[in-house]
1. Where Rh denotes the Kirkwood radius from the mean inverse Cα pair distance, what is Rg over Rh for region 103-151?
2. For region 61-145, take N as its residue count and report Rg(C-alpha) divided by 2.2 N^0.38 Å.
3. Restricting everything to alpha-carbon atoms, can you work out Rg to Rh for the chain with a Kirkwood hydrodynamic radius?
4. If you average the C-alpha positions of region 93-151 and of region 52-70 separately, how far apart do those two centres end up, in angstrom?
């Protein structure tokens, strides 16, 4: 009587091929997740900056203007204008946090408080900014706001 010895299982080559396929798929998924994460941050930046427009309308209706003339980048904190409003400060601080440590935010009020503009740098495309202004504009721009009060 002879016994046949049957070995069941996978060869080393088959296991290595499966591991390689899993590694490739993981790399593709992780790359897609990073893109989605940065676009999510862009959406947060835009939502925060758009919120300024609503609060600006309330500020204007209450005060008859947007406050004293100011142009600044350092956190958009000032006194006696739209950007001193606590709600606006929270929105711009949230935009500043969402656009990361290297992103910039800019807030400007024209002379006599006649106009304003606010912008924040986007995460997925550094050097692009989302901007809102007193004309009702909400757009992505290729240049920083500078001292302008319109996008």
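Bear in mind that the values in this text are calculations on the coordinates, not laboratory data. Being a predicted model, the structure only gives us computed values, none of them experimental.
1. Numbers: Rg = 10.4 Å, Rh = 10.6 Å.
We get a ratio of 0.98 for region 103-151.
2. In units of the 2.2 N^0.38 Å rule of thumb, it is 1.04.
3. Rg/Rh: 1.46.
4. 16 Å
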